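Student: Before I ask anything, here is the structure I am working with.
Values quoted throughout were computed directly from the atomic coordinates according to the rules given, and no laboratory measurement underlies them. Note that the structure is a prediction, hence the values are computed from the model and not measured. Cβ coordinates were reconstructed from backbone atoms using ideal geometry, including for glycine residues, and neighbour counts include every protein chain displayed.
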Amino acid sequence: MTVLIKGAGVAGLAAAFELSRRGIAVEVLDAAETVGTGASSYAGGMIAPYCEREAADEAVLTLGLSAADWWEEAAPGEVFRRGTLVIAAGRDSGELDRFAARTGGYEWVGGNTIGELEPDLAGRFDRALFFPEEAHLDPRKAMAGLYAALIERGVRFHLGSTDLPSDTSFSAVVECTGAAAIATTRGLRGVRGEMLFLETSEISLSRPVRLLHPRHPLYIVPRDNHRFMVGATMIETDDDGPITARSVMEFLNAAYAVHPAFGEARVVEMGVGVRPAFADNLPRVLDRDDGFAIAGMYRHGFLLAPAMARQLAEKLCGADRPPFSPNSSFRQGATQ
Amino acid sequence: MLTLYGQELGSRMLLGTSRYPSPAILADAVRQAGTEVVTVSLRRETAGGRQGGAFFELIRELGVRVLPNTAGCYTVSEAVLTAKMAREVFGTNWIKLEVIGHHDTLQPDVFGLVEAARILAGEGFEVFPYTTDDLVVAERLVDAGCKVLMPWCAPIGSAMGPQNIAALRSMRAHFPDVPLIVDAGIGRPSHATTVMELGYDAVLLNTAVAGAGNPALMAAAFAKAIDAGRAAFEAGMLEPRDMAVPSTPIIGKAVFS
């Protein structure tokens with residue numbers, strides 16, 4: 001049997017990996033010329049299930065705990081397990097207590113430890129929360145690595161195309177079209193996220209840093225080549241137009257508060273992505289007439305795509321059964 | 001019964017819709033509180049002037065009255081324009097008017113507020129101004145056509161609770177017939193009870209509920225606290241005394257023997 005995956009973003013590629021490792025032939029279709037061109041390419045890439053728990057359901061923590069292991073296996077060498085550092089300006093120090101009350105898996109650290117973890121932040125903050133179990137990756141590199149691994153496994157890609165490959169009949173179709181599914185999926189809405197890339201060699205960070213603020217929380221994720229991803233807003237709209245001046249101002253202001261050297265950084269890229277979300281902001285594997293859909297990844301694409309891909313694979317294969325016999329159609333397979 | 005611009009409301013709790021963990025949790029909080037009015041910020045949710053789409057649909061599906069606000073406006077013209085957009089999007093003349101004077105504290109620009117209130121009232125809006133506890137500003141707002149006043153009790157989002165009880169008392173005494181809603185600064189249910197005991201007509205909350213560990217449960221707690229404060233005000237409370245006063249007569253007790 002062959003499964004067609006529509007969409008080569010983080011959900012589609014994770015699904016392709018989970019299915020192909022179970023011996024299912026997979027083809028991937030995407031209108032874009034390369035993989036990961038949607039919201040995936042603007043993701044923070046933080047594998048931060050504990051921090052996300054601050055404003056997310058318990059399920060985000062439980063489903064996300066194994067994500068770092070999954071990415072390490074799917075894209076070896078791309079995962080950095082250095083934890084997350086959560087800081088606040090002195091006058092917003094109460095935000096740290098609030099954040100601590102909503103999360104777990106952290107250690108309180110003082111100025112000395114902050115300086116040991118991130119020497120460039122030494123002396124700037126008196127206390128912080130350190131989440132040692134968390135990890136991060138560069139979404140673009142991780143997607144490229146995953147793409148290469150899938151090619152190696154024999155997954156066929158049809159990029160730059162909207163037509164179904166005519167030479168194969170598919171026993172199931174899995175829709176992983178991200179924001180494009182908003183128009184056709186009941187209950188799905190768009191949540192706009194804006195981000196920018198700064199480049200400076202004046203400072204370096206080893207791990208994602210989250211700056212708490214009552215109104216403009218922000219995170220800075222270090223990338224290669226002295227780059228820093230700064231994000232991200234959460235705006236209730238499916239407008240994917242360019243970033244607003246206000247958001248840029250807030251980002252730069254907050255980044256400057258983390259370290260004044262960001263004031264001299266170059267702004268090398270700005271981006272906007274629309275994250276599809278259900279009312280509870282949790283993703284789902286949906287049943288469709290011709291197969292399934294993975295929908296509503298919200299801001300948790302890299303954190304929860306592995307869990308969704310696994311759920312999909314279990315639905316397709318049946319938890320205790322071998323994959324479909326090669327000749328059975330999808331529907332027969334589902335009702336065996 | 002609370003009456004705001006001719007609308008009778010059973011609940012004295014108004015709830016903001018920002019920064020909940022999810023729209024589903026927001027909906028749950030609205031249900032748990034039994035709130036009948038929610039505020040919606042038009043500005044951040046409509047980047048590019050589009051109509052907020054799905055999120056506004058979710059708000060409409062709550063089945064409660066929407067009080068759009070002009071959050072994030074720093075000038076009179078911005079606030080007036082946002083109010084007009086809100087009227088189109090939500091089909092209501094109600095507008096919570098915010099003109100922010102200070103980026104950091106979000107303290108209202110009371111001069112711009114009065115001017116914007118006058119313009120909007122002249123265009124048929126029913127204005128709910130977010131103001132300080134300053135009596136003269138309040139008088140100007142009433143002159144400008146506001147039939148409801150919404151003073152802060154502490155800076156927005158600060159969760160400090162009432163910082164100037166004397167000013168709140170004085171405002172209540174000066175405007176016995178104007179519905180007064182404490183907007184901003186409430187952190188916990190006891191704060192809400194305190195201002196309701198002062199005779200305030202209602203409380204508007206957002207962060208205290210949205211930022212709670214369990215927003216729906218906190219919404220329910222606030223609803224009870226607001227009802228308790230109101231009932232206490234209506235029942236009439238004892239004033240504190242300097243000396244103990246026993247609740248049973250002491251004549252004939254052993255103390256005199």
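Student: Considering every pair of different Cα atoms, what Kirkwood radius, in Å, is found for the stretch B:140-217?
Tutor: 12.8
Student: Right, next: Give me the dipole magnitude in Debye, nearest 20, for the stretch B:1-119 about the Cα centre, with unit charges on the beta carbon: positive for Lys and Arg, negative for Asp and Glu.
Tutor: The dipole of the stretch B:1-119 has a size of about 120 debye.
Student: A further question on this structure: Counting only helical runs of four or more DSSP H residues, what would the 222 nm mean residue ellipticity of the protein assembly as shown come to if each run contributes -39,500 (n - 2.57) and the total is spread over all its residues?
Tutor: On the way: 19 runs with 199 residues, N = 593.
Value at 222 nm, helices only: -10000 deg cm²/dmol.
Student: For the stretch A:54-68, in order, what is each residue's ³J(HN,Hα) by Karplus, 6.51 cos²θ - 1.76 cosθ + 1.60 with θ = phi - 60°, in whole Hz (x at glycine and Pro)?
Tutor: Karplus values, whole Hz, x for Gly and Pro: 3, 10, 10, 5, 3, 4, 5, 5, 5, 6, x, 4, 9, 5, 4.
Student: Further, regarding this structure: Under Stokes-Einstein, with the Kirkwood radius over Cα pairs standing in for Rh, what whole-number D in µm²/s applies to the stretch A:258-317 at 37 °C and 0.692 mPa s?
Tutor: After rounding, the answer is 232 µm²/s.
Student: Can you give the percent of C-alpha pairs in chain B whose distance is more than 33 Å?
Tutor: 20
Student: B:Lys96: which aspartates and glutamates have alpha carbons under 13 Å from its alpha carbon, excluding same-chain residues fewer than 8 sequence positions away?
Tutor: B:Glu126, B:Asp183
Student: I need the phi-derived Karplus couplings for the stretch A:257-270: 6.51 cos²θ - 1.76 cosθ + 1.60, θ = phi - 60°, integer Hz, Gly and Pro marked x.
Tutor: Here the 3J(HN,Hα) series is 5, 5, 7, x, 4, 5, x, 9, 5, 8, 8, 9, 7, 10 Hz.
Student: If you wrap a convex hull around the C-alpha atoms of the stretch A:1-72 and split its volume per residue, what is the figure in Å³? Please report the intermediate quantities before stating the final value.
Tutor: Details: hull volume 8.1 nm³, N = 72.
So the per-residue hull volume is 113 Å³.
Student: Using only the alpha-carbon atoms, what does the stretch B:52-194 span along each of its principal axes? Please give whole angstrom values in decreasing order.
Tutor: Its Cα atoms span 42, 32, 32 Å along the three principal axes.
Student: Considering the Cα positions of the stretch A:68-207, please state its Rg to one decimal place and its Dmax as a whole number of Å.
Tutor: When restricted to Cα atoms, the stretch A:68-207 yields Rg and Dmax of 21.2, 64 Å.
Student: How far apart, in nm, are two points set 7 Å out from the Cα along the Cα-to-Cβ line at B:Asp177 and at B:Lys224?
Tutor: 3.8
Student: Nothing charged except the Cβ atoms of Lys and Arg (+1) and of Asp and Glu (-1): what's the magnitude of the dipole of chain A about its Cα centre? Round to the nearest 20 debye.
Tutor: My answer is approximately 320 debye.
Student: Straight distance only, please: which lysines reach the Cα of A:Lys141 with their own Cα at less than 28 Å, same-chain residues fewer than 8 apart left out?
Tutor: In chain and number order, the partners are A:Lys6.
Student: I've got another one for you. Taking the alpha-carbon centroid of each part, what is the distance from the stretch A:22-97 to the stretch B:119-138 in angstrom?
Tutor: Each part reduced to its Cα centre gives a spacing of 46 Å.
Student: Additional query: Provide, for q = 0.13, 0.14, 0.27 Å⁻¹, the log10 of I(q)/I(0) from a solvent-free Debye sum over equal Cα point scatterers in the stretch A:230-298.
Tutor: With no solvent term, the Cα-only Debye profile gives -0.55, -0.61, -1.19.
Student: So, one more: All other residues with a Cβ under 9 Å from the Cβ of A:Glu78 taken together, and with Lys, Arg as +1 and Asp, Glu as -1, what is their net charge?
Tutor: -1
Student: Can you give the local net charge around A:Pro165? Use residues other than it whose beta-carbon is closer than 11 angstrom to its beta-carbon, Lys and Arg +1, Asp and Glu -1. Please list the in-between numbers first.
Tutor: On the way: positive: A:Arg156; negative: A:Glu27, A:Asp163, A:Asp167.
Charge balance in the 11 Å sphere: -2.
Student: Something else now. Mind pulling up the Rg/Rh value for the stretch A:153-225? Radius of gyration and Kirkwood radius, both on Cα.
Tutor: On the way: Rg = 20.1 Å, Rh = 17.7 Å.
Result for the stretch A:153-225 is an Rg/Rh of 1.14.
Student: Please compute the length gained on full extension between A:Thr184 and A:Arg81, using 0.36 nm multiplied by the number of residues separating them and subtracting their Cα-Cα distance.
Tutor: 33.3 nm
Student: OK, next. Compute the length gained on full extension between A:Ile151 and A:Ala122: take 0.36 nm times their separation in residues and subtract their Cα-Cα distance, giving the result in nm to one decimal.
Tutor: Length difference between fully extended and current span is 6.0 nm.
Student: Express the Stokes-Einstein translational diffusion coefficient of chain A in µm² s⁻¹, to the nearest whole number, given a Kirkwood radius over alpha-carbon pairs, 4 °C and a viscosity of 1.567 mPa s.
Tutor: 63
Student: With θ set to phi - 60° and the Karplus curve 6.51 cos²θ - 1.76 cosθ + 1.60, what are the ³J(HN,Hα) couplings of the stretch B:231-241 in order, to the nearest whole Hz, using x for Gly and Pro?
Tutor: So the Karplus estimates, Gly and Pro as x, are 4, 5, 4, 5, 6, x, 9, 5, 8, x, 10 Hz.
Student: Between B:Met243 and A:Ala59, what is the label-to-label distance in nm when each label sits 7 Å out along the Cα-to-Cβ direction?
Tutor: The modelled label-to-label distance comes out at 6.6 nm.
Student: So, counting K/R as plus one and D/E as minus one, what does the shell of residues with Cβ under 14 Å around B:Asn93 add up to?
Tutor: That sum, taken over residues with Cβ under 14 Å, equals +2.
Student: Same structure again: Work from the charge dipole of chain B (Cβ charges, +1 for Lys and Arg, -1 for Asp and Glu, about the Cα centre) and give the residue of B:Gly10, B:Ala121, B:Ala166 farthest towards its positive end.
Tutor: Comparing the listed Cα positions along the dipole, B:Gly10 ranks first.
Student: Using R₀ = 30 Å, calculate the FRET efficiency as 1/(1 + (r/R₀)^6) where r is the Cβ-Cβ separation of A:Leu159 and A:Glu73; round to 0.05.
Tutor: 0.80
Student: Nothing charged except the Cβ atoms of Lys and Arg (+1) and of Asp and Glu (-1): what's the magnitude of the dipole of chain B about its Cα centre? Round to the nearest 20 debye. Working shown, then result.
Tutor: On the way: 21 positive and 26 negative charges, 98 e Å.
Charge dipole of chain B: 480 debye, to the nearest 20.
Student: Just going by the charge dipole of the stretch A:71-229, with Lys and Arg at +1 and Asp and Glu at -1 on Cβ, which of A:Ile87, A:Tyr147, A:Ser201 is farthest out on the positive end?
Tutor: Value computed over the given set: A:Ile87.
Student: Which one, A:His226, A:His136, A:His300, has the greatest fluctuation when you compute a Gaussian network model over chain A with C-alpha springs under 10 angstrom?
Tutor: A:His226
Student: Find the Cα radius of gyration of the protein assembly as shown, compare it with 2.2 N^0.38 Å by division, and give the number to two decimals.
Tutor: 1.10
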